[in-house]
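Take a look at the structure set out below.
The values are calculated or read from the model by the stated rules, or taken from the named source; none is laboratory data. The model shown is predicted, which means the values in this text are computed figures rather than measured ones. In this analysis, Cβ positions are derived from the backbone assuming ideal geometry, glycine residues included, and neighbour counts consider all displayed protein chains. What goes into the accessible areas is simple: the full protein's heavy atoms, side chains included, and nothing from ligands, DNA or RNA. Shrake-Rupley method; radii C 1.70, N 1.55, O 1.52, S 1.80 Å.
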Amino acid sequence: MASTWNLAAITLAPTTTLDQAVHCMAGAALQGGPSGLVVIIQDDRVIGVITDGDVRRAYVKGIPFDSPVTKVMSQDPIAVLPGLTAREVIQQALAQARTKARYRDLRIDKVLVLDQERHLVDVLSFLELYLAGDVRAKKVAVYGLGYVGLTLALSLANSGFQVTGVDINHQTIQHLLAGVPPVYEPGLPELLVNHLKSGDIHFKTDLTSGDHDLYIVAVGTPVDQNNQPTLGMIEQVARAIGTLLKRGDLIALRSTVPLGTTRQVFLPLVEQYSGLVGGRDFHVVFTPERTIEGNALQELRTLPQIIGGLTAQCVDQASNFWSTLTPAVVRVQSLEAAELVKLANNTFRDLSFAFANELAWLCEDYNIDAFNLIQAANEGYPRNPIPKPSPGVGGYCLTKDPYIYTAPLLQRQGQGYRPLLGEVSRKVHSFAPDVLLRHLEHFSQHAQRDLKDLVVLMAGFAFKGIPDTADLRGSVTVDILHILQPLVREIRGYDGVVPPEDLARLGVVPTALEEGLNGADAVIFLNNHPSHTRFNLYRGLEPMPKPALFFDGWHQFNESEILRVPGMIYATLGYQSARTLLSNPN
């Protein structure tokens, strides 16, 4: 593997002077090279090294700085072969230091990686290796093996950790032990099978011994029928970890929780059941999960990790751990600040989508294509672009996190400001199914067919289409389905990812897209999966009885192409080609 350093910035010829070496060392970092040393190369092979310490010793000895570097360089630097693990590099570096007289009383700073012919391959920081090697020697337990916990557990195993995944659902554990993920995520099946074979990951319904060093909590925090968050699973895991905890362990909460939960609910239970004190005997942090379903494995490696801790040392310990997985960590001032980051991200997204959708519904009264309107509003206007509207905003997170945002623990005690906007955005989204129903009603009036006689093809049942997911939780399509089922004659269903048997359990007739169009009075596209546009449009629309409705919920199609087929009626958010401009929608 190629080095991440610009090694040319630190390589010099044997004829170079010590003064030139000092200048090279001083400017190496600016050129992308490692700092604190230069490497002497002759005939493409390493013959020696000069470090900061060598320069200082040369000065003390009075060696002129116009002397050649060969007079000062070390001909036996600490070096290892390529391909070693961090632990192996540390072991070999320490062994060499014990046998090389010049290193016995000096700390090791850099380790060269040289191939068999002494070509320079890389330069490693001993401190970074030591910290990474120390972290990966620890055992990690991940509580909760849904989308969040399972993708994280396997990503950590892939980074070299020994991981135990814990979930109280026996069926989930059985599926995982058989190499079958209970959730859909691209790349997850292969990763699971690979790490089951290597023995890097294990799955259990509970832990009975405290032989783990890091505990990550990724259990669900649903809301009840009154949209109030329930913390039963968080409390259960706090008690379980408390019975296992030992001094020096680290606990990281990753579940989405009301503001104040870590400090006021989770920590007291852990302390009660462990007899230990957080921040003194063990470390506690909140590290929110912010990955997107369908791209979670990639984002775990690319998104910065937010960290808020009980103490500064807690944050240091957690930063050391998370930096082995993510490219950057962002430290915030407290547990509560970290809790609020995730709530802020999702509530802001939900609010922005709510505005776009409310704007689209306003367009309904004037038969204005909402997508064209928003594109016009954003064109050349750099401030706060309006997102595209949709037939509705769903998913497990966005349907509950705004409610959790509005329910901080202090507010329950009658203190502080009570947030409002999370509930407002959710209320706006609750009207989404009505908008689609109005389009069907307008169509039935235009076609002079009763709703109860219509055959409808619904396409896109997962709560989103991009990136791929099979998750039906919080799906607006399912909400619309429940409204339409008693109103129309037949509903057929297509999804690019959701298995047909899952659609059948919803009470629809599973079908391929083109096949399902045959004989359907209306087709409604309710998420933006790319497979929707991968069929022969004209051949598919031809056998639909005319007039027929084509509802393009995500503006994936060109209206003019749809209308080329005689008898087709095109509709999208705010607009239906069968309606008269400015007509009363009622």
Per residue accessible area of the chain, 1.4 Å probe, in Å²
46 Å²
Mind checking Rg over Rh on the stretch 385-453, alpha carbons, Kirkwood formula for Rh?
1.22
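Express in nm, to one decimal, how much length is gained between residue 377 and residue 352 on full extension, taking 0.36 nm for each residue of separation and deducting their alpha carbon distance.
Here the segment from residue 377 to residue 352 would lengthen by 7.5 nm.
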Taking all protein chains in place and a 1.4 Å probe, what share, in percent, of the accessible surface of the chain do carbon and sulfur account for?
53 percent
Per residue, what volume in Å³ does the Cα convex hull of the stretch 433-576 take up?
94 Å³
So which lysines pass the test for residue 100, namely a Cα distance under 25 Å, with those fewer than 8 places away in the same chain ruled out?
61, 71, 110
Taking R0 as 51 Å, what's the FRET efficiency between residue 313 and residue 420 from their Cβ-Cβ distance, rounded to 0.05?
0.85
Mind giving me the nanometre distance, one decimal, between the label points for residue 280 and residue 366, set 7 Å out from Cα along Cα→Cβ?
6.6 nm
Considering only protein heavy atoms, what is the solvent-accessible area of residue 521 at a probe of 1.4 Å, reported in Å² to the nearest 10?
10 Å²
State the extension gain, in nm to one decimal, for the chain segment bounded by residue 59 and residue 489, taking 0.36 nm per residue of separation less the distance between their alpha-carbons.
145.6 nm
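Based only on Cα atoms, what Rg/Rh ratio does the chain have, Rh being taken as Kirkwood's radius?
Taking Rh as the inverse mean 1/r over Cα pairs, Rg/Rh reads 1.09.
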Where Lys and Arg each count +1 and Asp and Glu each count -1, what net charge lies around residue 143 among other residues with Cβ under 10 Å from its Cβ?
-1
From zero up to wherever the largest Cα-Cα distance of the stretch 280-429 sits, split into 5 Å bins and tell me the percent of pairs in each.
2, 9, 14, 15, 15, 15, 13, 8, 5, 3, 1, 1, 0
What chymotrypsin sites (Phe, Trp or Tyr not before Pro) does the stretch 1-103 have in DSSP loop regions with at most 15 other beta carbons within 10 Å?
65
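What area, in nm² and to one decimal, does the C-alpha convex hull of the stretch 1-72 cast on average over all directions?
Details: hull surface 18.7 nm².
Across all orientations, the stretch 1-72 yields a mean hull projection of 4.7 nm².
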Checked against the positive end of the charge dipole of the chain (+1 on Cβ of Lys and Arg, -1 on Cβ of Asp and Glu, about the Cα centre), the farthest of 140, 189, 58 is 58
Apply the Debye scattering formula to the stretch 128-197, with a single equal point scatterer on each alpha-carbon and no solvent, then give log10 I(q)/I(0) at q = 0.13, 0.15, 0.26 Å⁻¹.
-0.37, -0.48, -1.20
Mean Cβ count within 10 Å, highest first, over the residues of peptides 190-196, 254-260
254-260, 190-196
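Rank these by accessible area, largest first, 1.4 Å probe: 143, 381, 184.
Details: 143 15, 381 115, 184 85 Å².
Largest accessible area first, the list is 381, 184, 143.
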Could you give the length gained by full extension between residue 29 and residue 427, i.e. 0.36 nm per residue of separation minus their alpha carbon distance, to one decimal place?
137.9 nm
